[in-house]
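All remarks here apply to the structure that follows.
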Amino acid sequence: MLRRLSLFWLAAFTSLLLSACASSVSPPTRYMLPTSPAVNAPSRAETTLQVSPLRLAHYLDVDGIVMQLDDITLNEAREHQWAESIGRQLERALRAELADQLPSVQVVRAEGSRPSALTLSLEVDQFQGRYDGVAVTSGQWQLRDSDGEMLALKSFTAETVLDQDGYPALVRSLGESWQVVAEQIADQLSQGGYL
């Protein structure tokens, strides 16, 4: 009887100790890219541009925000994570910015077949903070016509200096870099006569 009682107290103490340890672990902080204000849909679009889901470098397709620690070392943050897949956030922000920059173009998500629509595809090679306090974005985009013929293939890059330390500042700077990329693409699409 005494032995059972001491085992009971040992089990209760162990359970209490384990629950105290488990409750002291704080959940990661989750971030969303800053969003641009909503834009009104164009009254009459001349062209439809469908944006395909983005292809991310494998090391970017993770929950944690990526930080480049030196010229060759990358680290995925455990305590600072994206609230939603970064690929989805980037695609949504790109569509919104292109719609704002190209008012005579109907910018849509690439779903199903759309006759005579142009298709924009992007590969993102870098979307990370860098050890020198810069948010870096780079990759390439390509534009195809409705028959799948490539009309353009171009690289993009943007760097934004962080205005302060910390992950919130990094996320905001990454958002600014992505906005610059979207503006570059919109400018190249309209200047190139593709739309």
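Contact map, region 158-170: first residue under 25 Å from Gln184 (Cα atoms), second residue polar (S, T, N, Q) and buried (at least 16 other Cβ atoms within 10 Å of the Cβ), Cβ cut-off under 6 Å, separation 6 or more or different chains; pairs are Ala158/Thr137; Ala158/Ser177; Thr160/Ser173; Thr160/Ser177; Leu162/Ser173. Number of residues in region 151-169 that are surrounded by 15 or more Cβ atoms within 10 Å (Cβ to Cβ) and of a type in the set (Val, Ile, Thr) equals 2. Looking across Leu74, Leu69, Leu94, one residue alone is open to solvent by less than 30 Å² (accessible area, probe 1.4 Å), farther than 17 Å from Pro168 by Cα and more than 9 Å from the chain's Cα centre (by Cα). It is Leu94. The single condition among (1) touching a residue at least 24 places away in the same chain (Cβ under 8 Å); (2) open to solvent by less than 80 Å² (accessible area, probe 1.4 Å) that Glu176 does not satisfy is (2). Of all positions in region 6-19, none carries a residue that is under 30 Å from Gly112 (Cα atoms), open to solvent by less than 70 Å² (accessible area, probe 1.4 Å), modelled with pLDDT of 55 or more and among the β-branched types (Val, Ile, Thr). Here Pro53 clears all of (1) under 23 Å from Leu162 (Cβ atoms); (2) modelled with pLDDT of 95 or more except the condition numbered (1).
One residue is enough: does region 116-132 have a residue meeting the conditions closer than 17 Å to Asp187 by Cα, open to solvent by less than 30 Å² (accessible area, probe 1.4 Å) and touching a helix residue (DSSP H, G or I) at 6+ places or on another chain (Cβ under 6 Å)? Scanning region 116-132 turns up no residue that is closer than 17 Å to Asp187 by Cα, open to solvent by less than 30 Å² (accessible area, probe 1.4 Å) and touching a helix residue (DSSP H, G or I) at 6+ places or on another chain (Cβ under 6 Å).
Looking at Gly148, is it surrounded by fewer than 20 Cβ atoms within 10 Å (Cβ to Cβ) and within 30 Å of Glu46 (Cα to Cα)?
Values: surrounded by fewer than 20 Cβ atoms within 10 Å (Cβ to Cβ): yes; within 30 Å of Glu46 (Cα to Cα): yes.
When the stated conditions are applied, Gly148 passes them.
Scanning region 51-66 for residues that are within 30 Å of Leu143 (Cβ to Cβ) and open to solvent by less than 30 Å² (accessible area, probe 1.4 Å) turns up Val51, Ser52, Leu54, Ala57, Leu60, Ile65, Val66.
So is Arg95 within 22 Å of Ser146 (Cα to Cα) and modelled with pLDDT under 95 or not? Step through it out loud before you land on a result.
On the way: within 22 Å of Ser146 (Cα to Cα): yes; modelled with pLDDT under 95: no.
Judged against the criteria, Arg95 is not a match.
The values are calculated or read from the model by the stated rules, or taken from the named source; none is laboratory data. This is a predicted model, so every value here is computed, not measured. Every residue, glycine as well, gets a Cβ built from its backbone with ideal geometry; the counts of neighbours run over all protein chains shown. These area figures cover heavy atoms from the full protein model, side chains too; ligands, DNA and RNA do not enter into them. Shrake-Rupley method; radii C 1.70, N 1.55, O 1.52, S 1.80 Å.
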